[in-house]
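Novice: Here it is, the structure, as structure tokens.
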Amino acid sequence: MIVCGDGMENKKKAVAAAAAVIEYIAAEEAAAGMASMAPSGVGMPAPGAAAPGPVKLWGMSGRQAQMQMRSLMQMRTFR
């Protein structure tokens with residue numbers, strides 16, 4: 001955070017950040033509302049469609065670990 005400078009500029013930045021957060025939350029709520037209004041049969045496969053394969057827990061665990069490591073790297077947790 002920049003200490004020197006005019007206080008009005010910092011207030012504008014704070015208001016812009018708060019507005020962005022509020023807009024993001026509103027968009028998430030709208031998306032959740034649209035998902036809840038979807039027909040109940042959306043998750044059902046079409047007749048004649050192939051059944052999904054078995055769940056591969058080892059692969060899911062590996063992908064989760066990779067995503068978590070990437071997230072930590074992006075947050076610059078490691079130096």
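Novice: Return the distance in nm (one decimal) between the two label points of a simple spin-label model at residue 11 and residue 29, each offset 7 Å from Cα along Cα→Cβ.
Specialist: 2.7 nm
Novice: Give me the one-decimal nm value for the distance between modelled label points at residue 56 and residue 69, 7 Å along each residue's Cα-to-Cβ direction.
Specialist: Simple spin-label model gives 1.8 nm for this pair.
None of the figures in this text is laboratory data; all of them are computed from the coordinates on show. Remember, it's a predicted structure, so these values are computed and weren't measured experimentally. Please note: Cβ atoms are built from the backbone with ideal geometry, for glycine as well, and neighbour counts cover all protein chains shown.
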